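Encoded as structure tokens, the structure appears first; notes follow it.
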Amino acid sequence: MIRTLRARAGVMGAVVSLLTPAAAAPFKDPPVFRSVNGLLDIVMVAKAQPIEAINFTPPNSIAILHPTGWVYEICYRTAPYQNGCPAGSQASSEYGGIRLALEKGDLLKVRLVNRLPRQNPAKVAHFWNMNRASIPDPDGVNLPRTPTNLHTHGLVVQARAPSFYNRTWGDNIYVDLYNPANGRPLPQPHMHGIAVEIGVLDYEIAIPRNEPSGPDWFHPHVHGVTSDSLSSGLAGIISIGHAADYAVFKGAGFPEEQVRHVTLKDIQVLAAGAIQFQQGTANPVLPVANGEVLDDQQDPTFCAQFPTGAEVREGGCPGVDNSASGGSNYTGGRWYFPVSGVVFPSIDVDRRGGEIWSISSIGASATYKLQIKDNEGGYPILTQLISVDGVSVHVPLGTNDGDKTTLGNTRYTVVPCPGPSAQTGSDPVCVKDFVMMPGSRAQLWVTYRDKDGNVTTPPANGKRATFQTMGITTGAPGVGDPWPAIDLASVYFGPNDTADGATALVLNGDALAANAPQGIFVEPVPYARPAPLPRGCAALPPGYRRRIYFGLVDTSNSNVFGLGYEMIDDKGAVVPGSSRPVTAFDLSSPFICLPLGAGQQPVRETWEIVNLATENHNFHIHQTKFRALQPGAAAGSPLGPNMDPTVGAGVMEDNVPLAIAVPRDSVRAKVMNQQNGYCTIGQWRNGDCAMSPQIVEIPFAELGAFVYHCHILEHEDSGMMAKIQVVPAPPKWRW
């Protein structure tokens, strides 16, 4: 549930035009910065910049405005203390995102510079303590100063803080970098991390030599303004290795030049008027200007979920008036859904072997249900699933489609792959549509197929299709968010798109390799050294598991999200004294601490994730990946509790949608009307709210303090996050 904004004052508006945008430019891959000789050393400047690819025409005007988004300007670093990108430095600052191309074993060095603008304090929601009556929230007093930092989402790397021997940061989110031009940060009760006031921060992130190849990404992760940053566009992508590392076409590694990097972002642009800004219980109605970006919150009801009448939605949808139902009037505004920075681009698939589309959902809150639809036949064109969340799949031969669906945590509509398989050790997975919540990635083999899913060469004049999100409601009516249906890109399959008889790519997936003896989730952590355990830090006993609750801190207050916790013993009972109620994120609050295994080997834990809501959340954890478990899975299945290293995990991921809770009839009215659509832990325990926990196995193979949270970033900013720390295993001896 993205909070519904209740109007308390008149709202100005204008008649919306349903005219579609002018034809956009062809698709273009994001600009690339590549490592050389094991090093990528860059300057990364976070700043505001007009989005030239978006042409917004306000109501009753012929003037074209380019809304201001936030971007990373990136260039190679040529001097140790370089704080910007000089003219002629081949700098790039594309709104669609920039790709950092890394190899296994590389060192990524980033000098991050904060030049983001100060924001209007009245328009910045101070989410995490909105149960307090004071406005503004003292815990959010510094958010209008727009602090930032850097998180490399999906990389299995060390969450390292500076030390005496290395003053740089690793992938550690507990630091806030301020732009000195925005004023010095003030003391505040809730500290997210170390405050750096000089506007510059240095990172060094070592990529392990056995890091899985695939797509990851980067973005800021300052609690309270993460959603603002990504709603404005501040994100880019990372690629590790090459598709040829795991994908084979006709006996050769898949060509890198036929991998298309697709980024999905969305941005809500306003017409002049007044709308509500989410500020605790005050919900002030404030004026907005033509072309202003709604970055503090994303409203899924900005436009109608589905087009009406003759409306054509090529790359966006028009704002609507929700004031009659207590919302805001977005009339005259427009919600844009650029693909790699271009609004409704044209994509040509016209090469032997088709393409691999590497798709990254790098927006703040929107959920997509994607398909490639044949324009003439109206059917979804099947694609082969290559990787999930940066890890190539390796599904054992003979796995049925039901288990393939479970491996992907029901994100993909799995269908049988037509034709004989060329696989030798794993089955191909074919999908006709797939759901991408914020933060998720997927790679697909895209080549033309007929209505029965058979790979076929297009006719001489080609075939046309549409890459689209079909519209999806993430939960029960009135609670789940109604994300809109949008045509994202025009696709042309040309006559050179031929598979030469191949029905699928052969995969040598990292879901197997990462769990093999030399894999990152098995091999001892190379830099870990034995150390005494911190007080209260202990390994999970054999047969025990952790249970995490996603819910509201107070079900009467829909503004404060949180996570609950308890430990489950080997008999399935709650361990006395281990339970913690649903609590909003607080750096000083209790958190999970666990050591590596004997010999500094990665340690695997089983977690149960319980969603107390009648809306979807998505569970994400930093510094690792995880796999789905299924009670009673057959021996040798990748879903089994004891993974066979010769079979592997099948599919690994770093974010998973959580199924919704279903209240019994006896409590349904109370849950929906008095509890904002959220159950309590007690209601789940006694069976008043049915929800089968999502069970996952998580291998911990990196040290440091990091977090797990909901990657709907408005929920994370509102408190749905908790801290975890992994430490070295202790010495074998005792003093």
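The values are calculated or read from the model by the stated rules, or taken from the named source; none is laboratory data. Just so you know, these numbers come straight off a predicted model, no measurement behind them. With ideal geometry, Cβ positions are generated from the backbone for all residues, glycine too; neighbour counts draw on all protein chains shown.
Here Ala272 fulfils each of the conditions (1) crowded, with 23+ Cβ neighbours inside 10 Å; (2) over 13 Å from Trp335 (Cβ atoms); (3) modelled with pLDDT of 90 or more apart from (1).
Scan region 371-383 for residues that are assigned to a strand (DSSP E or B) and surrounded by fewer than 24 Cβ atoms within 10 Å (Cβ to Cβ) and jot them down. Of everything in region 371-383, those that are assigned to a strand (DSSP E or B) and surrounded by fewer than 24 Cβ atoms within 10 Å (Cβ to Cβ) turn out to be Gln371, Lys373, Asp374, Pro380. Inside region 544-559, can you point out the residues that are in contact with a strand residue (DSSP E or B) (Cβ under 9 Å, 6 or more places away or on another chain) and in a loop (DSSP other than H, G, I, E, B)? Answer for region 544-559, where residues must be in contact with a strand residue (DSSP E or B) (Cβ under 9 Å, 6 or more places away or on another chain) and in a loop (DSSP other than H, G, I, E, B): Tyr544, Val553, Asp554, Thr555, Ser558, Asn559. Could you say whether any residue in region 706-725 is among the hydroxyl-bearing types (Ser, Thr, Tyr), in a loop (DSSP other than H, G, I, E, B), touching a residue at least 24 places away in the same chain (Cβ under 8 Å) and under 28 Å from Gly572 (Cα atoms)? Checking region 706-725: not a single residue is among the hydroxyl-bearing types (Ser, Thr, Tyr), in a loop (DSSP other than H, G, I, E, B), touching a residue at least 24 places away in the same chain (Cβ under 8 Å) and under 28 Å from Gly572 (Cα atoms). Among the residues of region 468-510, those that are under 16 Å from Gln384 (Cα atoms), among the aliphatic types (A, V, I, L, M) and touching a Ser or Thr at 6+ places or on another chain (Cβ under 9 Å) comprise Ala499, Ala502, Ala504, Val506, Leu507. Summed over region 691-705, residues that are within 18 Å of Ala628 (Cβ to Cβ) and assigned to a loop (DSSP other than H, G, I, E, B) total 3.
So which residues in region 64-86 are under 21 Å from Ala272 (Cα atoms), over 28 Å from the mean Cα position of the chain (by Cα) and touching a residue at least 24 places away in the same chain (Cβ under 8 Å), if there are any at all?
Across region 64-86, the qualifying residue is only Leu65.
Whether any residue in region 521-528 is surrounded by 20 or more Cβ atoms within 10 Å (Cβ to Cβ), part of a loop (DSSP other than H, G, I, E, B) and at pLDDT below 95 is what I want to check. The answer is no; no qualifying residue exists.
Okay, residues lined up against (1) part of a helix (DSSP H, G or I); (2) aliphatic (A, V, I, L, M); (3) surrounded by 22 or more Cβ atoms within 10 Å (Cβ to Cβ); (4) assigned by TED's automatic domain parsing to the domain that holds Leu533:
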| residue | (1), (2), (3), (4) |
| --- | --- |
| Tyr565 | no, no, no, yes |
| Lys571 | no, no, no, yes |
| Ser578 | no, no, no, yes |
| Pro581 | no, no, no, yes |
| Asp586 | no, no, no, yes |
| Leu594 | no, yes, no, yes |
| Thr606 | no, no, no, yes |
| His620 | no, no, yes, yes |
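Against the numbered list (1) at pLDDT 95 or above; (2) closer than 24 Å to Lys723 by Cα; (3) of a type outside the set (Val, Ile, Thr), Pro187 comes up short only at (1). Of all residues in region 644-659, which are surrounded by fewer than 24 Cβ atoms within 10 Å (Cβ to Cβ) and either touching a Ser or Thr at 6+ places or on another chain (Cβ under 9 Å) or within 30 Å of Ile712 (Cα to Cα) (or both)? Matches in region 644-659: Asp644, Val647, Pro657, Leu658, Ala659. Residue pairs whose Cβ atoms lie under 9 Å apart, separated by 6 or more positions or on different chains, with the first residue in region 588-617 and within 22 Å of Pro730 (Cα to Cα) and the second at pLDDT 95 or above and among the polar types (S, T, N, Q), are Phe591/Gln725; Ile592/Gln725; Cys593/Gln725; Leu594/Gln725; Pro602/Thr624. Within region 484-506, being crowded, with 23+ Cβ neighbours inside 10 Å and β-branched (Val, Ile, Thr) holds for Ile486, Val491. Leu286 satisfies every condition listed in (1) of a type in the set (A, V, I, L, M, F, W, C); (2) at pLDDT below 95; (3) surrounded by 21 or more Cβ atoms within 10 Å (Cβ to Cβ) except (3).
Which of the residues belonging to region 660-684 are part of a helix (DSSP H, G or I), more than 21 Å from Val560 (Cβ to Cβ) and either in contact with a helix residue (DSSP H, G or I) (Cβ under 7 Å, 6 or more places away or on another chain) or of a type in the set (D, E, K, R) (or both)? Working first, answer last.
At the first step, the residues of region 660-684 found to be part of a helix (DSSP H, G or I) are 665-674, 681-684.
When the remaining residues are screened for being more than 21 Å from Val560 (Cβ to Cβ), the result is 665-669.
The answer is Asp665, Val667, Arg668.
Has region 267-285 got any residue that is within 21 Å of Pro30 (Cα to Cα) and within 24 Å of the chain's Cα centre (by Cα)? Yes, the conditions are met somewhere in region 267-285. If Thr405 meets every condition in (1) touching a residue at least 12 places away in the same chain (Cβ under 8 Å); (2) surrounded by 16 or more Cβ atoms within 10 Å (Cβ to Cβ); (3) on the phi < 0 side of the Ramachandran plot apart from one, which number is that one? That leaves (1) as the condition not met.
Can you pull out the residues in region 239-262 that are buried (at least 24 other Cβ atoms within 10 Å of the Cβ) and under 27 Å from Ala366 (Cβ atoms)? If the condition is that a residue be buried (at least 24 other Cβ atoms within 10 Å of the Cβ) and under 27 Å from Ala366 (Cβ atoms), then Ser239, Ile240, Ala243, Val262 are the ones that fit. Of the strands (runs of 3 or more DSSP E) entirely within region 185-274, those holding at least 1 residues that are within 26 Å of Asn142 (Cα to Cα) occupy 194-196, 200-206, 214-219, 236-240, 267-269. For region 419-450, the set of residues classified as in a strand (DSSP E or B) and modelled with pLDDT under 95 consists of Ser426, Asp427, listed by residue number.
Take the residues of region 198-231 that are among the hydrophobic types (A, V, I, L, M, F, W, C) and either more than 20 Å from Lys723 (Cα to Cα) or free of Cβ contacts under 8 Å to residues at least 12 places away in the same chain (or both): which is surrounded by the most Cβ atoms within 10 Å (Cβ to Cβ)?
Taking region 198-231 as the starting set, the residues that turn out to be among the hydrophobic types (A, V, I, L, M, F, W, C) are 198, 200-201, 205-207, 217-218, 222, 225, 230.
Filter again for either more than 20 Å from Lys723 (Cα to Cα) or free of Cβ contacts under 8 Å to residues at least 12 places away in the same chain (or both), leaving 198, 200-201, 205-207, 217, 230.
Working: Ile198: 12, Val200: 18, Leu201: 23, Ile205: 24, Ala206: 18, Ile207: 23, Trp217: 24, Leu230: 26.
Looking at residues that are among the hydrophobic types (A, V, I, L, M, F, W, C) and either more than 20 Å from Lys723 (Cα to Cα) or free of Cβ contacts under 8 Å to residues at least 12 places away in the same chain (or both), I get Leu230.
A single member of Gly316, Gly309, Gly327 is crowded, with 19+ Cβ neighbours inside 10 Å and more than 17 Å from Ala366 (Cβ to Cβ), and it is Gly327.
Residues of region 347-370 that are closer than 20 Å to Ile240 by Cα, hydrophobic (A, V, I, L, M, F, W, C) and either in the same structural domain as His622 (by TED's automatic domain parsing) or in a strand (DSSP E or B) (or both): Ile356, Trp357, Ile359.
Would you point out the residue of region 43-68, among those that are part of a loop (DSSP other than H, G, I, E, B) and hydroxyl-bearing (Ser, Thr, Tyr), that is surrounded by the most Cβ atoms within 10 Å (Cβ to Cβ)?
As a first pass, look at region 43-68 and keep what is part of a loop (DSSP other than H, G, I, E, B): 51-55, 57-64, 66-67.
Keeping just the survivors that are hydroxyl-bearing (Ser, Thr, Tyr) gives 57, 61.
On the way: Thr57: 18, Ser61: 14.
Step by step, filter region 43-68, then rank; the result is Thr57.
Yes/no matrix, rows are residues, columns are (1) under 30 Å from the mean Cα position of the chain (by Cα); (2) of a type outside the set (S, T, N, Q); (3) in the same structural domain as Leu703 (by TED's automatic domain parsing):
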| residue | (1), (2), (3) |
| --- | --- |
| Val455 | no, yes, no |
| Thr473 | yes, no, no |
| Gly480 | yes, yes, no |
| Asp487 | yes, yes, no |
| Ser490 | yes, no, no |
| Thr503 | no, no, no |
| Ala514 | yes, yes, no |
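For Ala690, the test of being of a type in the set (A, V, I, L, M, F, W, C), surrounded by 23 or more Cβ atoms within 10 Å (Cβ to Cβ) and not assigned by TED's automatic domain parsing to the domain that holds Ile362 is failed. Applying the set (1) more than 27 Å from the chain's Cα centre (by Cα); (2) part of a strand (DSSP E or B); (3) under 19 Å from Ala628 (Cα atoms) to Thr399 leaves exactly one unmet item: (2).
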